[in-house]
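**Q** Mind looking over this structure? Questions follow.
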Amino acid sequence: MPQLIPNPAARRIFLDRHALIGAPSGAAKGQDLQGLIERIGFVQVDSINTVARAHDMILWSRRQSYRPPALKRLLEKDRSLWEHWTHDASILPTRLHGVWQHRFQRDEKRLHANWKSWFRDGYEEQFESILNRIAKDGPVGTADVGEGEVRGKGGWWDWHPSKTALEWLWRTGRLAITRRDGFAKIYDLTERVIPDQHRAPVPEEEVTDWACRSALRHLGFGTSGEIAAYWKAIPPEAARDWCRAALSRGEIIEVEVEGAEGQRRKSLAFPDILDAPPPDPLPRLRILSPFDPALRDRKRAEFLFGFFYRIEVFVPEPKRTWGYYVFPVLEGDRLVGRIDVKAFRDAGSLRVKAFWPEAGVKLTKGRLAKLEAELDRLAGFAGCDRVEFLDRWERETLALPRD
């Protein structure tokens, strides 16, 4: 029979792989910050700045000495990190650029099939002129191109052709993001951004082996589908084939993972999965980004923690269950609630609109003290000098919707 990983052990293994078991203390710049990102794999980028941008809050949750200029230096000066696509726009170690060249090729085929129906015509005609302009005059952003082109309202489906061309050339590897001005991407030729030693393509058979092994190490355990989805660097069928072959060679084993409600799921893991159990989690409380890597796979989070979570930014306000941008709350190795909080920097205030505990969780005096301490720390990170609790911010547990 497959080895059983009980739910408490499964939660701790998974959180430990994502640097959420130990104290969120220690150095958070230079090689220490680089090492943290290598440990968790990648950091998703998102523009919403309700409290802090997703990539900054992900890092702050693990190292509360972290400040955004440290990440900017690694990206824009040291060039040890770069931006591209995993399941979404993400910050990755630059050493992975050779792996991503296979994805560039696959994406080009897929974009040819899809983008003609999504965007206005004319963007393909802009490829060479944009590349020539950047080669001659240097980096550009979307505001610098498209002179004389008809511009729509600026929505996702209404980019002007030169903006579409810039995004295409980035997604397919001809351009790279050299910096961000505010949050706007500034593009340059890839060879000017990615150091020479990282631009050699990795052989395709090595890509599959790397993608599966590294994903399984980052996840701790997973199905072939979860392994393929971690980096999205290989097709699902390639991950299935690798898993079958690795199982037959005895390099990985089948395990049964216990879910939060006692259900069991067959997964794969390396044979040493339980040889060195992670330490007991600290009882402190953390407020996580909705885009935290530990929550990226919503179904996995629901299975392991019994925590149903969906972002409601695109849900009309009258139809929202919780709020526009609600943050999960982690205590030890349990997700104990969600909080609606927003930074009003002009007023110097971090305002708490609502906190919903999970079923069976009480906001005791001790838990409230931990929440207030974390909110004070978060206020400082967000550039606020105080926390304000709005009327009726303590809410009752809600019955959870289901997809």
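**Q** Any idea how far apart L247 and D346 come out in nm if each label point goes 7 Å out from Cα toward Cβ?
**A** 5.9 nm
**Q** Could you list which residues have their amide H under 5 Å from that of I5, counting only those 5 or more apart in sequence or on another chain, with H placed in the peptide plane?
**A** Amide H to amide H, under 5 Å and 5 or more residues apart or across chains, I5 pairs with E256, V257, E258.
**Q** Now for a separate question. Could you provide, to the nearest whole Å², the per residue accessible area of region 181-330 with probe 1.4 Å?
**A** Per residue, region 181-330 has 46 Å² of solvent-accessible surface.
**Q** For region 54-78 and region 317-395, compute the distance between their C-alpha centroids and round to whole Å.
**A** Distance between centres, Cα-based: 22 Å.
**Q** Moving on to the next point. Mind pulling the per residue volume of the convex hull built on the Cα atoms of region 214-309? Å³ is fine.
**A** Convex hull of Cα atoms, per residue: 118 Å³.
**Q** Non-local amide H neighbours of G337 (under 5 Å, H modeled in plane, Pro and chain starts lacking H): which ones?
**A** V329, E358
**Q** So what's the gap between the Cα centers of region 193-253 and region 269-304, to the nearest angstrom?
**A** Centre-to-centre (Cα) distance: 20 Å.
**Q** For the chain, what is the calculated [θ] at 222 nm in deg cm²/dmol (nearest 500), taking -39500 (n - 2.57) for each run of four or more DSSP H residues and dividing by its residue count?
**A** About -11000 deg cm²/dmol.
**Q** With the full set of protein chains in place, find how many percent of the accessible area of region 319-403 is carbon and sulfur; take the probe as 1.4 Å.
**A** Using a 1.4 Å probe with all protein chains present, region 319-403 comes out at 48 percent carbon and sulfur.
**Q** Another question, if that's okay. Rounded to the nearest 20 Debye, what is the dipole magnitude of the chain about its Cα centre when Lys and Arg each give +1 and Asp and Glu each give -1 at the C-beta?
**A** I would put it at about 700 debye.
**Q** Assuming 0.36 nm per residue, please report the length gained on full extension of the stretch A135 to K319 beyond their Cα-Cα distance.
**A** 61.4 nm
**Q** Same structure, new question: List the relative contact order of the chain as a percent without decimals, with contacts defined as Cα pairs under 8 Å and 6+ residues apart.
**A** 17 percent
**Q** Hey, got a sec? Which trypsin sites (Lys or Arg not before Pro) in region 332-361 land in a DSSP loop and have at most 16 other Cβ atoms within 10 Å?
**A** none
**Q** Still on this structure: If I take every Cα pair under 8 Å that is 6 or more residues apart in region 1-66, average their sequence separation and divide by the length, what percent do I get for the relative contact order?
**A** 36 percent
**Q** Taking chymotrypsin sites (Phe, Trp or Tyr not before Pro) as candidate sites, keep only those in a DSSP loop with at most 13 other Cβ atoms within 10 Å, then name the longest stretch of the chain containing none of them.
**A** After excluding every exposed loop site, the longest remaining stretch is 1-155.
**Q** Per residue, what volume in Å³ does the Cα convex hull of region 257-403 take up?
**A** Considering the Cα atoms of region 257-403, their hull volume per residue is 147 Å³.
The values are calculated or read from the model by the stated rules, or taken from the named source; none is laboratory data. Note that the structure is a prediction, hence the values are computed from the model and not measured. Positions of Cβ are backbone-derived with ideal geometry, glycine not excepted, and every protein chain shown enters the neighbour counts. Quick note on the areas: whole protein, heavy atoms, side chains included, nothing else; ligands and nucleic acids left out. Shrake-Rupley method; radii C 1.70, N 1.55, O 1.52, S 1.80 Å.
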